[in-house]
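Here the structure is laid out as structure tokens; the discussion comes afterwards.
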Amino acid sequence: MSPQGVATFTLRPARPEDVGVIHAMIGELADYEKLTHLFVASEADLHAALFGAKPRAEVLLACFGSEVAAFALFFHNFSTFLGRPGLWLEDLFVRPAYRRRGCANALLKSLAGIARERGCGRFEWSVLDWNTSAIDFYRSLGATVLPDWRIVRVVGPSLDTLADPMPKGG
């Protein structure tokens, strides 16, 4: 424990051997958000996305000793208005036993540093509208919750229909 009575932890990039614990925490996040019916990713899917031939995302872990307490999964996007890459935080999850100890704050500060080091013009993420404690926390860090933007999503059969080529002559 630190002098203030708060447990100390370390941040580190995920390694291939962390895929199992990352997968488990994504399951815990899905349960917290009441979205377990949407959680279909396998450990193999995550391994390919994080450590395959063309990695699509990265994960930063917060660890208390040998225990993984939290994760942040992120990737780059691009802002046409800024003409620069951005950093998108897809998920941040802190296991209940480790909440209110500074994990989320440290992960967000580290990701902001990564965004700055990589020349990103912005660092963004979404938050569920019912998660008022998270919204208040993000605002306390100086983040703006955008009231006039909505996430648009196409998935499953709708994605297949949209991806189908238009009939000739249409």
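The values are calculated or read from the model by the stated rules, or taken from the named source; none is laboratory data. Everything quoted here is computed from the prediction, not taken from an experiment. Quick reminder, even Gly has a Cβ in these numbers, built from the backbone with ideal geometry, and neighbours come from all protein chains shown.
Applying the condition of being under 16 Å from the mean Cα position of the chain (by Cα) and not in a strand (DSSP E or B) to the stretch 52-94 and asking which residue is nearest to L107 (Cα to Cα) yields A57.
Of the residues A41, A49, which is surrounded by fewer than 18 Cβ atoms within 10 Å (Cβ to Cβ), at pLDDT 95 or above and within 16 Å of the chain's Cα centre (by Cα)? Within the list A41, A49, the selection yields A41.
Listed by first and then second residue, the pairs with beta-carbon distance under 8 Å, at least 6 apart or on different chains, first residue in the stretch 143-170 and within 29 Å of V127 (Cβ to Cβ), second of a type in the set (V, I, T) and modelled with pLDDT of 90 or more, are V145/V127; V145/I135; L162/V154. Can you name every residue in the stretch 29-50 that is assigned to a loop (DSSP other than H, G, I, E, B), aliphatic (A, V, I, L, M) and in contact (Cβ under 8 Å) with a residue 12 or more places away in the chain? A41 - this is the single residue of the stretch 29-50 that is assigned to a loop (DSSP other than H, G, I, E, B), aliphatic (A, V, I, L, M) and in contact (Cβ under 8 Å) with a residue 12 or more places away in the chain. Against the criterion of being over 23 Å from V59 (Cα atoms), outside any helix (DSSP H, G or I) and among the hydroxyl-bearing types (S, T, Y), T144 qualifies. Tell me, yes or no, whether the stretch 72-86 has at least one residue that is under 16 Å from A143 (Cα atoms), at pLDDT 95 or above, in contact with a Cys (Cβ under 9 Å, 6 or more places away or on another chain) and not β-branched (V, I, T). Within the stretch 72-86 (the criterion being under 16 Å from A143 (Cα atoms), at pLDDT 95 or above, in contact with a Cys (Cβ under 9 Å, 6 or more places away or on another chain) and not β-branched (V, I, T)), the answer is yes, since at least one residue qualifies.
Conditions tested, residue by residue: (1) surrounded by 10 or more Cβ atoms within 10 Å (Cβ to Cβ); (2) acidic (D, E); (3) under 16 Å from the mean Cα position of the chain (by Cα).
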position	(1), (2), (3)
E124	yes, yes, yes
L128	yes, no, yes
L141	yes, no, no
T144	no, no, no
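When the stretch 110-142 is filtered for residues that are closer than 25 Å to A30 by Cα, charged (D, E, K, R) and touching a residue at least 24 places away in the same chain (Cβ under 8 Å), only E124 remains. Total residues in the stretch 142-170 satisfying the condition of being among the charged types (D, E, K, R) and within 18 Å of E90 (Cβ to Cβ): the figure is 2. Taken over the stretch 146-170, the criterion of being out of contact with any Leu (no Cβ under 7 Å at 6 or more places or on another chain) and surrounded by 10 or more Cβ atoms within 10 Å (Cβ to Cβ) is satisfied by S158, L159, D160. With respect to being touching a Phe, Trp or Tyr at 6+ places or on another chain (Cβ under 7 Å) and modelled with pLDDT under 95, F64 fits the description.
For the subset of the stretch 107-121 comprising residues that are under 15 Å from the mean Cα position of the chain (by Cα) and more than 22 Å from E33 (Cβ to Cβ), which member is surrounded by the most Cβ atoms within 10 Å (Cβ to Cβ)? Here the answer is A115.
Could you identify the single residue in S140, S79, S133 that is of a type in the set (S, T, N, Q) and in contact with a strand residue (DSSP E or B) (Cβ under 9 Å, 6 or more places away or on another chain)?
Just one listed residue meets the conditions, S79.
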